[in-house]
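We did not get these values from a lab; they are worked out from the coordinates using the rules stated. The structure presented is a predicted model; accordingly, all values stated were derived computationally and were not measured. Please note: Cβ atoms are built from the backbone with ideal geometry, for glycine as well, and neighbour counts cover all protein chains shown.
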Amino acid sequence: MWANSAALAVTPEDWRELERIVGSGKTEQRIALRARIVLGAGSGKSNAALARELKTSRPTVIDWRARFAEGGMAALYDDRPRGRSFKPLGRAKEAEVIARTQTAPPQATQWSCRRMAKICGISKASVQRIWQANGLKPHLVKTFKLSNDPDFIEKLEDVVGLYMNPPDHALVFCIDEKSQIQALDRTQPGLPMKKGRAGTMTHDYKRNGTTTLFAALDVLKGEVIGRCMPRHRHQEFLKFLKAIDRATPKHLDIHCIADNYATHKKQEVKDWLAKHPRFHFHFIPTSSSWLNLVERWFGSITAERIRRGVFKSVDELERAIHDYIEHTNANPKPFVWTKSANDIILKVNRGRTALKMPPLKRVDKL
């Protein structure tokens with residue numbers, strides 16, 4: 001219908017009324033659009049030209065031409081009844097989708113809305129609505145690790161106590177190493193970001209060697225003492241401890257929060273600590289790297305300086321790392337620990353209960 005876009009027959013009375021509707025500032029926009037379509041069609045404009053001019057679709061133009069031709073001016077005010085275009089799902093079907101979502105799908109590791117729709121005999125859009133209404137996100141998964149350290153509570157309370165109530169006349173450092181940082185050079189130059197296009201870089205790269213970053217984060221100030229070294233042994237760790245010793249006031253005690261890596265517990269390290277009594281080590285529980293705040297800083301330097309960097313040599317990589325440390329130390333922003341040890345223990349115990357593991361309990365030691 002109206003394929004040839006012949007001029008629409010409009011009487012002079014209707015024409016004047018249409019112009020009045022379009023010119024009135026009180027006319028609803030939907031009615032004004034319909035009147036403009038009829039006026040344009042009455043002037044002999046094509047459907048496509050009208051659609052472009054009025055910024056609407058060609059089917060809309062064709063529809064209102066036909067409805068005016070059939071019903072006259074009254075048709076412009078006649079809205080078709082609206083309502084659901086689909087039959088609502090029953091509670092049983094919704095419950096089935098929820099139950100299936102919480103179990104493993106056949107021949108797959110996760111549900112997709114299309115796979116669920118096919119099995120349940122409903123539309124993909126219905127599955128999406130059910131998932132959204134019930135907060136289900138099968139495409140996402142979070143990782144976790146519960147520590148099995150028998151001294152978890154004691155170590156946790158020790159470290160959290162240093163964060164939330166540090167000792168007087170002392171410095172608290174979070175110490176760790178970021179090993180095997182690769183100096184990567186891309187095989188071809190990338191393109192910069194511009195409007196409508198993300199920046200680009202090649203997926204392949206050239207390896208130009210590695211370095212290990214030893215870092216000590218001052219919990220109170222947010223400043224970092226960092227050193228890059230070629231290897232990751234107790235010898236390098238001792239050099240780093242000596243660097244901390246030189247960089248800090250001699251009259252202050254040093255409390256170091258570290259993980260259980262074997263390098264930190266070598267006999268040579270213990271012998272050095274015995275000769276430097278102002279150093280006190282506090283080891284976090286096993287499988288609890290989240291308790292060491294320097295890991296958060298490692299995440300920042302990786303995201304902001306290393307991951308997208310292009311380095312033609314290890315020296316260039318190390319310069320970039322030291323420049324980043326110097327820049328952040330000029331305006332340090334400490335990470336503030338807010339979660340108490342009791343809150344953490346309660347959360348860990350909820351996880352252990354869900355996994356049918358015995359809850360953590362304080363053990364009185366003789």
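Worth a mention:
- Hey, Ile31 crowded, with 16+ Cβ neighbours inside 10 Å, touching a residue at least 12 places away in the same chain (Cβ under 8 Å) and in a helix (DSSP H, G or I) or not: no
- Matching residues in region 299-330 - criterion: being under 29 Å from Leu156 (Cα atoms) and buried (at least 20 other Cβ atoms within 10 Å of the Cβ): Ile301, Ile325
- Residue match in region 14-21 (condition: over 17 Å from Gly72 (Cα atoms), surrounded by fewer than 14 Cβ atoms within 10 Å (Cβ to Cβ) and of a type outside the set (Ser, Thr, Tyr)): no
- Of all residues making up region 129-146, the number that are surrounded by fewer than 14 Cβ atoms within 10 Å (Cβ to Cβ), in contact with a helix residue (DSSP H, G or I) (Cβ under 8 Å, 6 or more places away or on another chain) and not aromatic (Phe, Trp, Tyr): 2
- Of the set (1) assigned to a helix (DSSP H, G or I); (2) β-branched (Val, Ile, Thr); (3) over 30 Å from Glu28 (Cβ atoms), all apply to Thr60 but (3).
- Restricting attention to region 39-63 and to residues that are in contact (Cβ under 8 Å) with a residue 40 or more places away in the chain and not hydrophobic (A, V, I, L, M, F, W, C), the residue that is surrounded by the fewest Cβ atoms within 10 Å (Cβ to Cβ) turns out to be Ser46.
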